[in-house]
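Here is the structure we will look at, set down as structure tokens.
Every number in this text was worked out from the coordinates using simple rules, so none of it is lab data. Keep in mind the model is a prediction, meaning the values are calculated, not measured. With ideal geometry, Cβ positions are generated from the backbone for all residues, glycine too; neighbour counts draw on all protein chains shown.
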Amino acid sequence: MSTPTAGFWYESGSFVLPADTTSGFAGPLKDEEMESIRQLSRTEIERAFSGLRITVTTNQNAFWRVEVLRSLPVREHQPLPHAGESLALGFLGGTGAVGFDIVALKAIQYAPTGASRQRMVEGIGRGIGRVAVHEFIHQILGVAAAHNDTDENSYEYGSPDRSSQYYGELHWTTARPLLHRKFGK
Ligand SMILES: [Zn+2]
């Protein structure tokens, strides 16, 4: 069996900060900041899936796919836009997205007092990678993927409202044994 692939990429034009963050963050993102966000987010995903037979790629035809969009569409019966969303397609893989604007907004809101612009840019990059990891869990495990809302430092936590997602260390809890059973090396 060939190694399953997790595709992760940015839609062009996705690196746009929402207007209400500009008080904490002067001016639009520079090219090198976008590049740093791209790299950090990718590193987060590779780190989370290291030790598993899952290849992280930029291929948009990968088995599981997460695309970073400028924002996610607001869905019915949902008061606020989410940071990420996914559709698990079973043996057909899965597809999902991360909303750049929400993650950037939260990363700037949760920045420690006096944090430099660079530190916030790093928070955005980590945050996007970690929301993507969470979305891949929903796609990979399907209905077996459960949120762990008791551990704020876990990938399985179901909300972007926490500082650890941007500035702390995250670890696996409930999903790891399931991933290991299916994709352990
Ligand atoms: Zn979730």
Taking only Cα atoms and a 10 Å spring cutoff, compute GNM fluctuations for the chain and point out the largest among Pro112, Pro160, Pro73.
Pro73
Cut-off is 10 Å between beta-carbons; in what order do Met120, Met34 appear when sorted fewest neighbours first?
Met34, Met120
Run the Debye formula on the Cα coordinates of the chain, all scatterers equal and no solvent, and tell me log10 I(q)/I(0) at q = 0.11, 0.13, 0.17, 0.19 1/Å.
-0.44, -0.62, -1.07, -1.33
Report ³J(HN,Hα) in whole Hz for each residue of the range 57-70, in order, from the Karplus equation J = 6.51 cos²θ - 1.76 cosθ + 1.60 where θ = phi - 60°; Gly and Pro get x.
9, 9, 5, 7, 9, 4, 5, 10, 9, 10, 10, 8, 10, 4
Taking amide H atoms as placed 1.01 Å from N in the peptide plane, list the residues 5 or more away in sequence, or in a different chain, whose amide H sits under 5 Å from that of Gly84.
Gly99
Of the beta bridges DSSP finds with both residues in the chain, what % are antiparallel, to the nearest 5?
30 percent
Tabulate in residue order the Karplus-calculated ³J(HN,Hα) for the range 33-48, using 6.51 cos²θ - 1.76 cosθ + 1.60 with θ = phi - 60°, rounded to whole Hz; enter x for Gly and Pro.
6, 4, 5, 5, 4, 4, 5, 4, 5, 5, 4, 4, 5, 4, 5, 4
Mind giving me the nanometre distance, one decimal, between the label points for Thr150 and Leu178, set 7 Å out from Cα along Cα→Cβ?
1.6 nm
Using modelled amide H (1.01 Å from N, peptide plane; none on Pro or chain starts), what sits under 5 Å from the amide H of Tyr157, excluding residues fewer than 5 places away?
Asn148
Beyond 19 Å, the calculated P(r) of the range 76-184 holds a percent of Cα-Cα pairs equal to 46 percent
Show the residues, 5+ positions off or on another chain, whose built amide H is closer than 5 Å to the amide H of Leu29.
Leu17
Determine ³J(HN,Hα), in whole Hz, for all residues of the range 90-95 in sequence, where each value follows from phi through the Karplus function 6.51 cos²θ - 1.76 cosθ + 1.60 and θ = phi - 60°; x replaces Gly and Pro.
x, 6, 9, x, x, 8
Mind checking the dipole of the range 5-183: about its Cα centre, +1 per Lys or Arg Cβ, -1 per Asp or Glu Cβ, Debye to the nearest 20?
420 debye
Measuring from label point to label point, each 7 Å out along Cα→Cβ, what is the Thr58 to Glu76 span in nm?
3.8 nm
For the chain, find the longest principal axis of its Cα atoms and tell me its angle to the long axis of helix 117-141, 0 to 90°, nearest 10.
20 degrees
For the chain, what does -39500 (n - 2.57) per DSSP helix run (n ≥ 4), summed and divided by total residues, give at 222 nm, in deg cm²/dmol to the nearest 500?
-11500 deg cm²/dmol
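Would you mind calculating the relative contact order of the chain from Cα pairs under 8 angstrom and at least 6 residues apart, reporting the percent as a whole number?
Values: 335 pairs, mean separation 45.9, N = 185.
Once normalised by length, the contact order is 25 percent.
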Would you kindly state the longest site-free stretch of the chain, with sites defined as GluC sites (Glu not before Pro) in a DSSP loop (not H, G, I, E, B) surrounded by at most 11 other Cβ atoms within 10 Å?
77-168
